[in-house]
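Here is the structure we will look at, set down as structure tokens.
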Amino acid sequence: MNAIYILWLRELKRYVRSRSQVLASLGQPVLYLLVLGFGLGPVFKRAGQGSYFQFVAPGVIGMTILFSSVFSGMGLLWDRQFGFLKETLVAPVQRLQIMAGRTLGGATVAVIQGLLVMVVCFIAGFRPVNWMFIPFALGFMVLIAAVFAALGVAIGSTLEDMQGFQLIMNFLVMPIFFLSGALFPLDGLPKALSIATAADPLTYGIDGMRAALLGRHWAAFDPRVDLLVLVVAASILLVVGAHRFSRIEI
């Protein structure tokens with residue numbers, strides 16, 4: 001357990017020391033909020049869907065957590081390139097604890113960035129239907145971070161160079177984001193697109209946050225279904241990530 005805590009604390013310290021990372025993590029979400037949230041607001045309202053800013057805010061929060069948690073796996077490749085990973089693996093610590101510490105650290109950093117974006121949303125005018133449900137939204141944020149931090153570690157454990165990781169992320173992360181319903185409602189989609197969105201774990205995380213923050217009328221699924229899918233996805237990816245991490249050659 002000490003190894004898990006040390007690696008978790010190391011990820012937090014790395015994030016806190018990188019002030020540029022904190023500022024950069026807010027750039028893209030703010031752009032989506034201002035350009036899309038307010039720019040498409042009149043169109044969304046004329047379609048009878050209400051405030052687009054209210055709708056898109058949970059999606060932008062989920063997007064922030066997705067990118068941050070998945071790209072935490074890039075730190076694994078960085079440590080492998082500069083030798084820190086080798087020093088960690090030869091230590092008398094189980095690899096499962098090392099993997100758990102890194103995953104927990106990446107997920108924690110992702111949740112922190114999601115909270116920062118949530119604060120920006122509140123400042124810009126986003127208001128939940130019931131402030132008492134914010135802890136439920138936070139629970140979905142944690143699950144999103146756990147799912148995709150485990151995915152990032154699994155991919156980072158499989159690849160050996162930064163270029164390959166970036167290539168896979170470009171073909172994986174962007175489809176996950178755009179198919180999640182973060183930017184558009186999920187009702188009335190073509191059948192093929194509906195199947196694709198239903199297969200995307202991020203869909204259920206964002207849908208759960210919308211149900212908690214905006215009420216059930218904004219949610220495409222039952223929040224209990226969202227919770228179950230995320231728990232199952234996190235469990236599977238953690239097992240896969242642990243297996244791939246255990247096979248890293250020093």
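Structure above, values below:
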{"item": "Tabulated pairs, the range 66-90, first farther than 18 Å from Gly114 by Cβ and modelled with pLDDT under 75, second surrounded by fewer than 21 Cβ atoms within 10 Å (Cβ to Cβ) and not hydrophobic (A, V, I, L, M, F, W, C), C-beta under 6 angstrom, 6+ apart or interchain", "result": "Leu85/Asp79"}
{"item": "Gln49 being outside any helix (DSSP H, G or I) and either farther than 23 Å from Phe171 by Cβ or modelled with pLDDT under 75 (or both)", "result": "yes"}
{"item": "Condition check for Pro135: out of contact with any helix residue (DSSP H, G or I) (no Cβ under 6 Å at 6 or more places or on another chain) and at pLDDT below 85", "result": "no"}
{"item": "Candidate set from the range 229-245 (those that are touching a Leu at 6+ places or on another chain (Cβ under 6 Å) and surrounded by fewer than 22 Cβ atoms within 10 Å (Cβ to Cβ)); member that is nearest to Ala145 (Cα to Cα)", "result": "Leu237"}
{"item": "Residue in the range 121-160 that is surrounded by the fewest Cβ atoms within 10 Å (Cβ to Cβ), counting only those that are under 19 Å from Phe67 (Cβ atoms) and of a type in the set (Val, Ile, Thr)", "result": "Val142"}
{"item": "Positions within the range 173-198 being in contact (Cβ under 8 Å) with a residue 12 or more places away in the chain and aliphatic (A, V, I, L, M), in sequence order", "result": "Val173, Ile176, Leu179, Ala182, Leu183, Leu186, Leu193, Ala196"}
{"item": "Subset of the range 147-168 (residues that are part of a helix (DSSP H, G or I), farther than 18 Å from Gly59 by Cβ and not small (Gly, Ala, Ser))", "result": "Leu151, Val153, Ile155, Thr158, Met162, Gln163, Phe165, Gln166, Leu167, Ile168"}
{"item": "Number of the condition not met by Met174 [criteria: (1) more than 14 Å from the chain's Cα centre (by Cα); (2) within 18 Å of Thr203 (Cβ to Cβ)]", "result": "(1)"}
{"item": "The range 169-228 - residue that is aromatic (Phe, Trp, Tyr) and over 18 Å from Val60 (Cα atoms) and, of those, surrounded by the most Cβ atoms within 10 Å (Cβ to Cβ)", "result": "Phe221"}
{"item": "Top-ranked residue in the range 91-120 [being without any contact (Cβ under 8 Å) to a residue 40 or more places away in the chain and part of a helix (DSSP H, G or I); ranked as surrounded by the fewest Cβ atoms within 10 Å (Cβ to Cβ)]", "result": "Val119"}
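Residues checked against (1) more than 18 Å from the chain's Cα centre (by Cα); (2) over 27 Å from Leu104 (Cβ atoms); (3) not in a helix (DSSP H, G or I):
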residue: Gly188; (1), (2), (3): yes, yes, yes
residue: Ala192; (1), (2), (3): yes, yes, no
residue: Thr203; (1), (2), (3): no, no, no
residue: Leu213; (1), (2), (3): no, no, no
residue: Arg224; (1), (2), (3): yes, no, no
residue: Leu228; (1), (2), (3): no, no, no
residue: Ala233; (1), (2), (3): no, no, no
residue: Leu237; (1), (2), (3): no, no, no
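The values are calculated or read from the model by the stated rules, or taken from the named source; none is laboratory data. Everything quoted here is computed from the prediction, not taken from an experiment. Don't worry about glycine lacking a Cβ; one is built from the backbone with ideal geometry, like all the others, and counts go over all protein chains shown.
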